[in-house]
Amino acid sequence: MTTGASTPPYSARPRRSRLRTFLPLGIAAWLVLEIWLLTLVAGAAGGLTVFLLLIAGFLLGAVVIKRAGRRAFQNLNEALQRGVAPSSGGGSGLMMLGGLLLMLPGLVSDAAGLLLLLPPVQKAVGRYAERTVHRKLRRATPGSLGDAFQQARIHRPDGKVVQGEVIRDEPGDAPREPRPPLNR
């Protein structure tokens, strides 16, 4: 059935980003590298040695995550007691990431996790991440991220999405009436 509307000469689907294209390939290559290194070490040192290395990495990662989480919670608690905003420094997030990488089975992830536990590496990675976030936020168009919490999407029964903004303008002494349910 034809509606009379012409079809666009280009595909209606938006282009995939590079990250969505290459991330699955990168993960697959990383998994193949981890398995290959584990088989190499198992061939040279034995399977029991590899198993003990994996268990030790998991336990060390769990201890690191527990300590970093406890330290982050203590810093947050102290800052709230003083009545100031918690400091962004300290590297607790990077320590947790290092612990998580240690917990993942594999030698490459263990090496990356151990590197993230070193304070100079934490400072360098933290500065790089901060610069990257600031650069992305400066380049972001107004309304793309800043208004994300103020926008609402209404899903109509025919499947179309209507974007809008929720504005509630009620006087303080307005009578409180029961509101209809939001999902019909």
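Here are some notes:
- Ranked by the mean number of other Cβ atoms within 10 Å per residue, highest first, peptides 105-116, 36-47 order as 105-116, 36-47.
- The local environment of Gly61, defined by Cβ-Cβ distances under 14 Å, has a net charge of +1 under the rule Lys, Arg +1 and Asp, Glu -1.
- Across the stretch 17-104, the mean sequence separation of Cα contacts (distance under 8 Å, 6 or more residues apart), normalised by length, yields a relative contact order of 33 percent.
Computed from the coordinates by the stated procedures, all read-outs in this text should not be read as laboratory data. This structure is a prediction, so every number in the text was calculated from the model and none was measured. Cβ: placed from backbone, ideal geometry, glycine included. Neighbour counts: every protein chain shown.
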